[in-house]
Amino acid sequence: MGMTQQAAPAVPAPPAPGRKETDGRTRQQPLPLRLLARPEIGVFLGAVAVYIFFLVAAPPVREGSAMANILYQSSTIGIMALPVALLMIGGEFDLSSGVAVVTSALTASMLAYQLTLNVWMGVIVALLVSLAVGFFNGWMVVRTGLPSFLVTLGTFLILQGANLAVTKLVTGNVATDDISSMDGFDQARKVFASSFEVGGVAVKITIVYWLVFAALATWVLLRTKYGNWIFAVGGNKESARAVGVPVTFTKISLFMLVGFGAWFVGMHQLFSFNTVQSGEGVGQELIYISAAVIGGCLLTGGYGSAIGPVFGAFMFGMVQQGIVYANWNPDWFKAFLGVMLLGAVLINLWVQRTATRR
């Protein structure tokens, strides 16, 4: 009987030394593409382009005093754009942020003036009111499951009407009374609205606060557990809850952080101008959100940075003041706002696809 021989299974030759086999799932993208996918890079390049453009088109921009003014305008936008950006990374919006700034300033001014108190009492009560508004927004969103767009739109209308009605009822006018002669005003002004000189140029303290807040927000996002929670709830809150992320706490605290920003900017406005117009603030929320979106925060949540909105706010300040220095019609600023927003949405769509592509 002959024995049948079975062929041994073929063994593939090992890969040549130094060669690493890859497939589509592990292929590394080129460095330029990876850099462009970062949320900060696009807006950084845009900010540089806008800066160079106005350096050429508006020669006064080259002066130190003009740049200090541009940075000041950027800081008043950027301080609010930071918490708004964190909230957007967490997957929510706040349409009441603009009028909340005025609500905070009105509260501090009227409470101190009408009750003849030290202005610091008004500042503290205004902080509590701002945090309460943020808590209400966050609690309503979490409790009801309604979109934050609808909840904060309702808050926006409530605050807008209350700002006008209460101010007229208390003061008999649409603006608050001058508080510059009241106790504590000078000290509060030094904290919220002072200036200092650098090379003979007056620099507003809000620029320093803006950069410090941006550095703090960046550290929180990238180096803390809370930062991981923000990204997690913005990406998928149910998955985040399943792995132990406190979704309710994170979302409510983010809304309260927006309230804190509204309080801070409101105090700056109050102690810069001594009085507050109750009808202001409408439309500012769009600028804050636009600065965050242009800064790379995705409208769908779960992606973004704190540095991007800094450059986004700088672009707004640069254009807002650059148009004036170039002696153009300032009405073009709104048109530019729309162009930047649409462009940012398209760029963010591309960034989202790039970030999620394997």
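Which values of log₁₀ I(q)/I(0), to two decimal places, follow from the Debye formula for the range 55-142 at q = 0.10, 0.21 Å⁻¹ with a uniform point scatterer at every Cα? Debye intensities relative to I(0), on a log10 scale: -0.42, -1.00. Once the Cα atoms are used to define both axes, helix 284-294 deviates from the longest principal axis of the chain by about 20 degrees.
Per the Debye formula with a single identical scatterer at each Cα and no solvent contribution, what log10 I(q)/I(0) holds for the range 181-267 at q = 0.18 Å⁻¹? Taking Cα atoms of the range 181-267 as identical point scatterers yields -0.87.
Extents of the chain, taken as max minus min of Cα coordinates on every principal axis and listed largest first, are 117, 52, 33 Å. Between the Cα long axis of helix 332-356 and the first principal axis of the chain there is an angle of about 30°, rounded to the nearest 10.
The solvent-accessible area of T116, taken with every protein chain present and a 1.4 Å probe, is close to 110 Å². Ligands, DNA and RNA left out, the 1.4 Å accessible surface of the chain is 65% carbon and sulfur atoms. When only alpha carbons of the range 51-105 are considered, Rg and Dmax amount to 15.5, 41 Å.
Across the range 209-358, the volume of the C-alpha convex hull divided among the residues equals 142 Å³ per residue. For the range 167-278, the solvent-accessible area of protein heavy atoms averages 50 Å² per residue (probe radius 1.4 Å; ligands and nucleic acids excluded). If R0 is 41 Å, the Cβ-Cβ spacing of L222 and E63 corresponds to a FRET efficiency of close to 0.70. Measure nothing fancy, just the Cα-based angle from helix 97-114's long axis to the longest principal axis of the chain, in degrees from 0 to 90, nearest 10. Long axis of 97-114 versus the principal axis of the chain: about 30 degrees. Looking at the square roots a ≥ b ≥ c of the eigenvalues of the Cα gyration tensor of the range 257-333, which shape do they give, rounded for a/c under 1.5, prolate if a/b is larger than b/c, or oblate? Cα axes put the range 257-333 in the oblate bin. Averaging over all projection directions, the Cα-based convex hull of the range 82-239 occupies 11.8 nm² in the image plane. If I take all pairs of Cα atoms in the range 99-192, what percentage of them are more than 19 Å from each other? Of all Cα-Cα pairs in the range 99-192, 47 percent lie more than 19 Å apart. For the chain, leaving out every one of the GluC sites (Glu not before Pro) that falls in a DSSP loop and has at most 12 other Cβ atoms within 10 Å, the longest unbroken run is 64-358.
The values are calculated or read from the model by the stated rules, or taken from the named source; none is laboratory data. The shown structure was predicted, so the numbers you read here are calculated from the model rather than taken from an experiment. Don't worry about glycine lacking a Cβ; one is built from the backbone with ideal geometry, like all the others, and counts go over all protein chains shown. Please note that ligands, DNA and RNA were not included when accessible areas were found on the heavy atoms of the full protein model with its side chains. Shrake-Rupley method; radii C 1.70, N 1.55, O 1.52, S 1.80 Å.
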